[in-house]
Amino acid sequence: MELIEKLEILGAAAKFDASCSSSGSSRKGAAGGIGSAYRAGICHSWAADGRCISLLKVLFTNYCINDCAYCINRRSNDVKRATFTVDELVSLTMNFYKRNYIEGLFLSSGIIKNADFTMEKLIAVAKKLRDEESFNGYIHLKVIPGASDILIKEAGLYADRVSVNIELPSEKSLKLLTEKSKESIIKPMGDICGDIVENREERRKTKKLPLFAPAGQTTQLIVGATPETDRKIVKLTEAFYKKFSMKRVYYSAFVPVNSDKRLPVVSLPPLDREHRLYQADWLMRFYGFQADEIVTDENPFLSDDIDPKAVWAMRNMHLFPLEINTAAFEMILRVPGIGRQSAVRIVSARRNGSLDFDDLKRIGVVLKRARYFITCKGKMMPETVITEKNVFEAMKTTSTKAGAPDHTIEQLSLF
Amino acid sequence: MIFLYDGTFEGFLSAVFDAFSAKDEVEIEKKEGWQPQLFADPVEVETVQEKAERVVNKLLSICGRRGFSAMIQIFLSEEENAETYTFYLIKSVIKYGSKAFSRFQDEKITRAMEFRKRVSKECDKILGILRFTELANGVFYAPFEPDHNILPLITGHFYERLSGCRWMIHDLRRGIAVCHSDGKMENVEFADEMTSHLNMADLLGKSENEEDFAKMWRGYFKIIAIETRTNPKLQRQFMPKRYWKYMTEKKNG
Ligand code: SF4
């Protein structure tokens, strides 16, 4: 089989994995070597679906001994199969990288023979790139559930990032749709987390020790294939951040590729839901929100019409209006229409003198939304009438970004 | 008062030095292309290395490398009156210190910072979408036509990243280029103005394998999109059409 055909088969087989980020590692290039890692991550292209392409994301093979219901590569599917050789993948990565097509390699795989055998193949690719090609670019390796701890440790020494997909939001769904147990997924996550903590501590003593997975671990789950609520998903996400110090949790709107009576019948992937979940995730990572503030027992689903930050503000009108010239940064962050950059600008600009609505506009605040929640020098913006209807109308958004997770860390500027 | 400089950064800094104590409003413009105006009696600034250095040191001591590089970005934006805005910012920084950068109460400062943002946004974008082609002589060659004069701002990134390669990055719009070999970076001296705007890949030919890898990348680019999520508007929002010309996966053929 020609290499291009393999690439097309094994790229297509990997495309449903949402995570593509190349952020979180920062590595200087070595003299005479190839590659460096850029802290904020870099997007190199955007595919026809608007998703960013950062890494060469492929499977080592799409042969698989398992038969997960939602997966295009399951053994009962009649699809064209292919397997790379280690050398082919190394050459593709190096040549794509030198042309600046990619930030590095994101390697996952179907399971051949058993978990360890497969994991060893992935490690062999990473090892050859690092040791023989002096490749300093980004490597993300997927951990095959069930792989032994010693192999996971080795993977973390060559990779910037390792990840285990949780795949589905509950144990019940996992049992129903996959042949993976919750145990086989959660255990390596815990191990990786432990390895990272241990490695960072030991490196404090001896700087020479190699970094274990400098960009940490991530996971992803499929949204809309099973009946869990948004509350369940957001709470699970929060637990991943808190318990396993995950760097990112990715959501992937369920795209039906198989007909299987265990799966729901949907014609289009639930992109709007995926988008709302990413907004909720963003609120937890950058805006200081707790899961319980975003989705409650009474309202376990995120709103279709209004983004979760505005929903929270509307539920908490008693905390507003805020005086922009004195309010705490943490509260300013929570005002609809004020993003993180604007909040940073507000607190630095007000040191130079008090701010009025024109200043806020220059700073980049969306006054159409923010006006209902703030005062400047004690006054609301002229002609602001707070009624339920007015606020609701202003909070409704038409977003064109639906379903596009941002892959680079939000860049904060001091200025 | 209008100050005319020679178009170089040193020349601009010399103008800053000379204009600093001017009483009335200052405008700084390039000598080349300046249209004489009625009643305008511009000062022609002489480029003096020592004056430029004094301005640089002064600014570094007040706002550090980070602040100084913000000024360079605004200067390189080549937006309308970029030099005058940069001068205004420099004056404010000398008056208020680093705090001047967050004087959003001041319309001119806000505008200058807007220029800076455009430049740094374009830099970030270009770091991702610049494409190198391996030429027949083994050099990796990247042509591009940025909106802003960002070549000097991006070479460091590739210097570090591709230190094992010989490469050349070429701004075809401005006819300037930087090349790298064996850890040394240099500005390319072109034989003449016309050559400086020529695409070297057409001139020197591509390496034997080049088309194979380009073809594989195009193939990969196509299949990685999820059909049921197709969203060309979103794609163009992230990757504006004006950049497609030099992108392997987007240009024709
Ligand atoms: S183990 Fe992975 S590749 Fe195999 S069928 Fe399940 S999801 Fe698909």
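The values are calculated or read from the model by the stated rules, or taken from the named source; none is laboratory data. These figures come from a predicted structure and were not determined experimentally. Please note: Cβ atoms are built from the backbone with ideal geometry, for glycine as well, and neighbour counts cover all protein chains shown. What goes into the accessible areas is simple: the full protein's heavy atoms, side chains included, and nothing from ligands, DNA or RNA. Shrake-Rupley method; radii C 1.70, N 1.55, O 1.52, S 1.80 Å.
Conditions (1) among the charged types (D, E, K, R); (2) in a helix (DSSP H, G or I), marked per residue:
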{"site": "B:T84", "(1), (2)": "no, yes"}
{"site": "B:G97", "(1), (2)": "no, yes"}
{"site": "B:M113", "(1), (2)": "no, yes"}
{"site": "B:R116", "(1), (2)": "yes, yes"}
{"site": "B:P143", "(1), (2)": "no, no"}
{"site": "B:C165", "(1), (2)": "no, no"}
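Restricting attention to segment B:160-180, the residues being over 12 Å from the mean Cα position of the chain (by Cα), modelled with pLDDT of 95 or more and not aliphatic (A, V, I, L, M) number 5. Among the numbered conditions (1) under 17 Å from the mean Cα position of the chain (by Cα); (2) under 30 Å from A:D67 (Cα atoms), the only one that A:M284 does not meet is (2).
Which of the residues that make up segment A:187-221 are over 18 Å from the mean Cα position of the chain (by Cα) and among the β-branched types (V, I, T)? Break it down into steps so the answer makes sense when it comes.
As a first pass, look at segment A:187-221 and keep what is over 18 Å from the mean Cα position of the chain (by Cα): A:187-188, A:190-191, A:194-212.
Selection gives A:I196, A:V197, A:T206.
Filtering segment A:38-64 to residues that are within 19 Å of A:L92 (Cβ to Cβ) and assigned to a strand (DSSP E or B) leaves A:S45, A:I53, A:L55, A:L56, A:K57, A:V58, A:L59, A:T61. Residue count for segment A:34-88, restricted to those that are among the aliphatic types (A, V, I, L, M), open to solvent by less than 40 Å² (accessible area, probe 1.4 Å) and within 15 Å of the ligand (Cβ to nearest atom): 4.
Looking only at segment A:242-251, which residues are assigned to a helix (DSSP H, G or I) and open to solvent by 40 Å² or more (accessible area, probe 1.4 Å)? Please lay out each step first, then the result.
As a first pass, look at segment A:242-251 and keep what is assigned to a helix (DSSP H, G or I): A:242-244.
Answer for segment A:242-251, where residues must be assigned to a helix (DSSP H, G or I) and open to solvent by 40 Å² or more (accessible area, probe 1.4 Å): A:K242, A:K243.
Just to be sure I understand, how many residues within segment A:288-300 are open to solvent by 20 Å² or more (accessible area, probe 1.4 Å), out of contact with any Ser or Thr (no Cβ under 6 Å at 6 or more places or on another chain) and of a type outside the set (D, E)? Write out each step before concluding.
First, the residues of segment A:288-300 that are open to solvent by 20 Å² or more (accessible area, probe 1.4 Å): A:288, A:290, A:292-293, A:296-300.
Now drop any that are not out of contact with any Ser or Thr (no Cβ under 6 Å at 6 or more places or on another chain), which leaves A:288, A:290, A:292-293, A:296-299.
Applying the additional criterion that residues be of a type outside the set (D, E) yields A:288, A:290, A:296, A:299.
So the count comes out to 4.
Looking at A:M284, is it in contact (Cβ under 8 Å) with a residue 60 or more places away in the chain and more than 14 Å from every other protein chain (Cβ to nearest Cβ)? In short, no. The set of residues from segment A:108-129 being more than 12 Å from the ligand (Cβ to nearest atom) and either within 14 Å of chain B (Cβ to nearest Cβ) or of a type in the set (D, E) (or both) comprises A:D116, A:E120, A:L129. B:V48 falls short of the stated requirement of being among the β-branched types (V, I, T), touching a residue at least 12 places away in the same chain (Cβ under 8 Å), open to solvent by less than 10 Å² (accessible area, probe 1.4 Å) and in contact with a Ser or Thr (Cβ under 7 Å, 6 or more places away or on another chain). Against the test of being under 24 Å from A:E388 (Cβ atoms), open to solvent by less than 20 Å² (accessible area, probe 1.4 Å) and assigned to a helix (DSSP H, G or I), the options A:L277, A:L283 yield a single qualifying residue, A:L283.
Just name the residue that is least open to solvent (accessible area, probe 1.4 Å) out of those in segment B:180-233 that are hydroxyl-bearing (S, T, Y) and within 8 Å of chain A (Cβ to nearest Cβ). Can you show your working first?
First, the residues of segment B:180-233 that are hydroxyl-bearing (S, T, Y): B:181, B:195-196, B:207, B:220, B:228, B:230.
Filter again for within 8 Å of chain A (Cβ to nearest Cβ), leaving B:220, B:228, B:230.
Numbers: B:Y220: 1, B:T228: 62, B:T230: 87 Å².
Among those residues, the one meeting the criterion is B:Y220.
Checking the stated criteria, A:I139 turns out to be under 22 Å from the mean Cα position of the chain (by Cα) and at pLDDT 95 or above.
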